[in-house]
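Peer 1: Before anything else, here's the structure in question.
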Amino acid sequence: MKFQIGDKVSVLDDDIFGVIVQVNNDIIGIETSDGFVLEFKSSELIKSKSFTKDIFSNEGLEEVIKQKEQHVKKLSVRKKPKERNLPTMEVDLHIHKLTDSNKRMSNYDMLTLQMDTAKRQLEFAMRKRIQKIVFIHGVGEGVLKMELETLFRRYENIKYYDADLQKYGNGATEVYIYQNINQ
């Protein structure tokens, strides 16, 4: 809806009425009957009908309902608390996920590939400001897990702990990266 200075408007979800005194793109300034100038988005306002017409008529009702429905559709989808705490990045360090064939690789070569991948993904997450990563290392003998902990201890801006037991079992470590550390 196009608004102009001088239009009488009402706020959709509030008991505020006024006259438009400024229009700045999508932000509309209205002066209330008390003399205050308040700013609203244009999607939050509707034009008021002239009081000379019948106030209780259904004229323009479809327009108001349509505007209200559009306003409701624009509201963001709320995330459940569980979804908010889920890590945004998972890195599976199982060797069969990192290479097509590991037949000619020694244990040292496999561990080196896994650690290089972990370091590269951790630094990628830091650059992209991703706060949580889960490294899936499996259970095994615990060599990879110990090496990962050694890697994580080199960084001051992270903390690490066992990942969600229900989702990953005992074979994963979650890393939380602090974002506002002065370096």
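Peer 1: Only residues that are farther than 18 Å from Asp92 by Cβ, within 25 Å of the chain's Cα centre (by Cα) and among the hydroxyl-bearing types (Ser, Thr, Tyr): list them for region 152-174, please.
Peer 2: Listed by number, the list holds a single entry, Tyr161.
Peer 1: Another question about this same structure. Of all residues in region 111-137, how many are surrounded by fewer than 16 Cβ atoms within 10 Å (Cβ to Cβ), farther than 17 Å from Ile177 by Cβ and either in contact with a Gly (Cβ under 9 Å, 6 or more places away or on another chain) or not charged (D, E, K, R) (or both)?
Peer 2: The number of residues fulfilling the criteria is 1.
Peer 1: Mind listing just one residue for me: the one in region 70-102 that is among the charged types (D, E, K, R), at pLDDT 70 or above and surrounded by 10 or more Cβ atoms within 10 Å (Cβ to Cβ) and, of those, farthest from Arg120 (Cα to Cα)?
Peer 2: Residue satisfying both the conditions and the ranking: Lys97.
Every residue, every condition in (1) touching a His at 6+ places or on another chain (Cβ under 7 Å); (2) farther than 22 Å from Tyr168 by Cα; (3) among the hydroxyl-bearing types (Ser, Thr, Tyr), yes or no:
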site: Met105; (1), (2), (3): no, yes, no
site: Gln121; (1), (2), (3): no, no, no
site: Val134; (1), (2), (3): no, no, no
site: Gly138; (1), (2), (3): yes, no, no
site: Lys145; (1), (2), (3): yes, no, no
site: Tyr155; (1), (2), (3): no, yes, yes
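Peer 1: Find all pairs meeting these conditions: Cβ atoms under 7 angstrom apart; at least six residues apart or on different chains; first residue within region 4-16 and over 12 Å from Ser42 (Cα atoms) and small (Gly, Ala, Ser); second residue part of a strand (DSSP E or B) and at pLDDT 90 or above.
Peer 2: From region 4-16, the pairs are Gly6/Val19; Gly6/Ile20.
Peer 1: Give the residues of region 93-109 that are in a loop (DSSP other than H, G, I, E, B) and of a type in the set (A, V, I, L, M), sorted by residue number. Break it down stepwise before answering.
Peer 2: If we filter region 93-109 for residues that are in a loop (DSSP other than H, G, I, E, B), which is where we start, we get 93-94, 99-106.
Within region 93-109, Leu93, Met105 meet the criteria.
Peer 1: Next question, about the same structure. Only one of Phe152, Phe135 is assigned to a helix (DSSP H, G or I) and hydrophobic (A, V, I, L, M, F, W, C). Can you tell me which?
Peer 2: Details: Phe135 fails: assigned to a helix (DSSP H, G or I).
Checking each option against the conditions leaves just Phe152.
The values are calculated or read from the model by the stated rules, or taken from the named source; none is laboratory data. All values reported here derive from a predicted model rather than from experimental measurement. No Cβ is skipped: glycine too gets one built from the backbone with ideal geometry, and neighbour counts run over all protein chains shown.
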